[in-house]
1. Which ranges mark the strands (runs of 3 or more DSSP E) fully within the range 64-179 that have 3 or more residues being within 13 Å of the ligand (Cβ to nearest atom)?
2. What number of residues within the range 331-353 are in contact with a strand residue (DSSP E or B) (Cβ under 7 Å, 6 or more places away or on another chain) and buried (at least 17 other Cβ atoms within 10 Å of the Cβ)?
3. Checking Leu181 against (1) over 24 Å from Leu358 (Cβ atoms); (2) open to solvent by less than 40 Å² (accessible area, probe 1.4 Å); (3) touching a helix residue (DSSP H, G or I) at 6+ places or on another chain (Cβ under 8 Å); (4) not basic (Lys, Arg), only one condition comes out false. Which one?
4. State yes or no: is Glu207 at pLDDT 95 or above, under 22 Å from Gln43 (Cβ atoms) and in a helix (DSSP H, G or I)?
5. Would a scan of the range 47-54 turn up a residue that is in a helix (DSSP H, G or I), of a type in the set (S, T, N, Q) and without any contact (Cβ under 8 Å) to a residue 12 or more places away in the chain?
6. Given the conditions (1) more than 16 Å from the ligand (Cβ to nearest atom); (2) of a type in the set (A, V, I, L, M); (3) closer than 20 Å to Trp174 by Cβ; (4) open to solvent by 10 Å² or more (accessible area, probe 1.4 Å), and given that Leu364 satisfies all but one, which numbered condition is not satisfied?
7. I'm checking my understanding of the structure. Among residues of the range 149-163 that are without any contact (Cβ under 8 Å) to a residue 40 or more places away in the chain and under 25 Å from the mean Cα position of the chain (by Cα), which one is surrounded by the fewest Cβ atoms within 10 Å (Cβ to Cβ)?
8. Condition check: open to solvent by less than 10 Å² (accessible area, probe 1.4 Å) and either acidic (Asp, Glu) or part of a helix (DSSP H, G or I) (or both). Does Ala226 satisfy that?
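The values are calculated or read from the model by the stated rules, or taken from the named source; none is laboratory data. Predicted model only: the values in this text are computed from it and were never measured. Reconstructed Cβ throughout: ideal geometry from the backbone, glycine too, with neighbour counts over all protein chains shown. Only protein heavy atoms, including side chains, enter the accessible area calculation; ligands, DNA and RNA are left aside. Shrake-Rupley method; radii C 1.70, N 1.55, O 1.52, S 1.80 Å.
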Amino acid sequence: MIDGTEGLRGNRQADEALLDDPAALAANDRGGMLRATAAAGPQIREAMQLVAEVDLTELGVDGRPRAVVVAGVGTAARTGDILATVAGPHCPVPVVPHRIAGVPGWVGAADVVIAVSASGRSPEALAAAEAAARRGARLVAVGAPESPLQSVAETARAPFVAVPRRAPARASLWGLTVPVLLAGRAIGLVRVTEADLVETATRLDTEAEACRESADSFVNPAKELALNLAGSVPVLWGSAPLATVAAGRFADMLSSNARYPAVTGGLGEVGRGRVGLLDGVFGGLAEQDRDIFADPQPVSDLTRLHLVVLRDGGLGDEDDAAGEPYAVAEQRAETVIAMAHRRGVRCTVLTAEGGCALERLASLTAVPDFASIYLSLAHGLDPMAVPAVSELKTALRP
Ligand SMILES: O=P(O)(O)OC[C@H]1O[C@@H](O)[C@@H](O)[C@@H](O)[C@@H]1O
């Protein structure tokens, strides 16, 4: 008898019928994760307004900082990865995502700390904001209104962007990301325009429409991806830095929403080791008996990999002075996809679209976000409630 079985509901096998049955979708998605995820575009527009009400200019008044620390955990921390990646290899100062309580030992008056917490309550973000204030670092905080994080920011006389909490943190990525990026802009790290944000919001609206629950599996890219991943071990590899951030985000969503394991990474690094998975017991060895031209579906019930390559070919305006050229990354992606095909390992390719880094990121996160929810729902799980997270929090409560 396993104790703590609250989360052990749902079906071992994914059931496609559950995805095209409105009553089943409503019954399993009790908390409304699909609805919350479809609000990504509106979150961006709302966050733009919220930031406009806060004076961030003081972040830049003392000139360029020595470093920027983005402190928080989970989705809040992912905003630091996004800032670092959108700032790109030409960024004049280090952007350091920090996922544990407090701030790194070297942080002092020359640095900026951006403390992020959707609830405004995570001990990690709170400890970071307090430490930043103590050490005289420039601080900005992002999180729920009327929260402990707001109190810490106010006590420190630091700007606070109050992002209303309407969904779990992981469904609030865009509402948290916009203030972090605009804080980065105030410091002179990123060139994000209002038009970039508006276009990103429009992209997210369009993707949400395509992934809506009333669109059946054969026309819905997220339901299709969910069903492709069902029963497999997802392997999520990004071709370039922005795509690798999207791969990490996808892994977060698969584990919390669908409770699936995932292997994730950037192809540059993966190519030196993890690419070996393609040859292993869950890779080519599991596919040996499959005629890859005749059998779109697995012929046996062996657990197998499903490779998802997230590709970003860049905007074509980068010079080669910093970072890896996109042409090299693209060639590596082509080669790995061909290697997967030769081994019979099933592979899905998602390709970034859009005219700015942020929109390209959105184009790589939107369908995967929905797919993770549909995968959960196909197994009869509630994507919103993650009992293991609650159980752990309860067990560790002082
Ligand atoms: O953003 P806050 O509220 O600090 O939460 C940080 C993280 O907490 C965890 O327990 C989960 O709920 C994550 O989804 C979340 O991103």
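1. Working: elements: 68-71, 95-98, 112-117, 138-143, 160-162.
Result: 112-117, 138-143.
2. 10
3. Tallying (1) over 24 Å from Leu358 (Cβ atoms); (2) open to solvent by less than 40 Å² (accessible area, probe 1.4 Å); (3) touching a helix residue (DSSP H, G or I) at 6+ places or on another chain (Cβ under 8 Å); (4) not basic (Lys, Arg), Leu181 fails exactly one: (1).
4. yes
5. Yes, the conditions are met somewhere in the range 47-54.
6. Only one criterion is unmet by Leu364, namely (4).
7. Restricting to residues being without any contact (Cβ under 8 Å) to a residue 40 or more places away in the chain and under 25 Å from the mean Cα position of the chain (by Cα), the top hit is Gln150.
8. Taking the combined requirement at face value, the residue satisfies it.
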